[in-house]
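Working notes for the structure below.
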Amino acid sequence: MLKWTDWWTEAHQDACRRSIGLLVRQPWSSLMTVVMIAVTLMLAVLCWMATHYLSEFNSYWHRSETMSLYLRQSLSDPEQQLILQKIRAMPEVESATLTTPTEGLALLAQQEGMQDIIQSLPYNPLPAAIQVIPSAKLQTPEALKRFSQSLQSNPDVAEVKFDSDWIERLYSGLGFLKQLVQCLTVLFALSVILVIGNTLRLLIHNRHNDIQVLQLLGAPDRFIMRPFLFVSIWYGLFASVLAIIFVDSLLILLRTGLNHWAESYHMHLSISLLPVLWMLGLTTIAIGLSWTGARLTLKYYIR
């Protein structure tokens, strides 16, 4: 068993050395292949990061969308406070604030041209209102609509105002973008496989005579294919490292502008460099796609 292990290790070390020789003999071609794969991987990572930050924006828009509960005017101040405490205790509620009729009238008086109208009123017609921010647990428009209906069923609530159509448009738009990113990711993965396949096809064509000699000498297909498989692994490894450099450089360049844009909407957007897990995942995926493309190509051309 030990001898077989030694032979296996030596065979792969020899294939690794020969694969490096294949790359060194065509440096510019190898570099262009690595850059092409790196750009494709970079675009895929940027798409996934875009969906990640879109989810943050969705969470912000979700939290900024409030439900306005207008209470019956016959309720006293203690009764209004009691209703407020009950609503705050609901698990579906993140926060709730009460605006009394007096406070509402004062806010209305601050608007231009409303002072004379307010002074002419015989009494305060405004009801007490509770502004409710739903919990982040309510992730779907259907859940928000059910919660709105449950609030409306309260006999002390005269009316609930909530723009459910806007929430549905937001979620449907975000869902479409996520599906688009998934489709683009599949296309990027196919692009990597095709680039590797075409590159190895050219390598096989350039070394066609050497491969024929090895086949005449009785070399098994796995012996002939092994250096090319290592070439694909090197392509995937180098391309993933270059893609990480591209993405991090782009994030550094765009970080200030994106933060200013987010602050203009009173949002905090935490843009950081690629996490280590993302880097490891990208490297693994790149090597896996490159190896898959090489395996399919070699199976077709070396037989």
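The values are calculated or read from the model by the stated rules, or taken from the named source; none is laboratory data. In this text the structure is predicted, and so the values were computed from the model without any measurement. Every residue, glycine as well, gets a Cβ built from its backbone with ideal geometry; the counts of neighbours run over all protein chains shown.
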- Within region 222-253, residues closer than 17 Å to P275 by Cα and of a type outside the set (V, I, T) come out as S240, L242, A243, F246, D248, S249, L250, L251
- Task: Name every residue in region 144-158 that is closer than 14 Å to L71 by Cβ and in a helix (DSSP H, G or I), in order of residue number.
- Result: L151, Q152
- Meets criteria (modelled with pLDDT of 85 or more and surrounded by fewer than 17 Cβ atoms within 10 Å (Cβ to Cβ)) for I271: no
- Query: What number goes with the only condition from (1) of a type in the set (G, A, S); (2) modelled with pLDDT of 75 or more; (3) more than 20 Å from the chain's Cα centre (by Cα) that A189 does not pass?
  - Reply: (3)
- Hey, S148 in contact with a Phe, Trp or Tyr (Cβ under 9 Å, 6 or more places away or on another chain), among the polar types (S, T, N, Q) and modelled with pLDDT of 75 or more or not: yes
- List the number of the failed condition for G218; all other conditions in (1) outside any helix (DSSP H, G or I); (2) touching a residue at least 40 places away in the same chain (Cβ under 8 Å) hold. (2)
- Task: Could you identify the single residue in Y123, Y60 that is modelled with pLDDT under 75, aromatic (F, W, Y) and part of a helix (DSSP H, G or I)?
- Result: Y60
- Query: So I117 clears everything in (1) in a loop (DSSP other than H, G, I, E, B); (2) loosely packed, with under 13 Cβ neighbours inside 10 Å; (3) modelled with pLDDT under 85 except one condition, right? Which one?
  - Reply: (1)
- If you check every pair at least six apart or on different chains, which have Cβ atoms under 8 Å apart with a residue in region 80-95 that is in contact (Cβ under 8 Å) with a residue 40 or more places away in the chain and under 15 Å from V157 (Cα atoms) first and a residue that is surrounded by fewer than 16 Cβ atoms within 10 Å (Cβ to Cβ) and not hydroxyl-bearing (S, T, Y) second? I83/N154; I83/D156
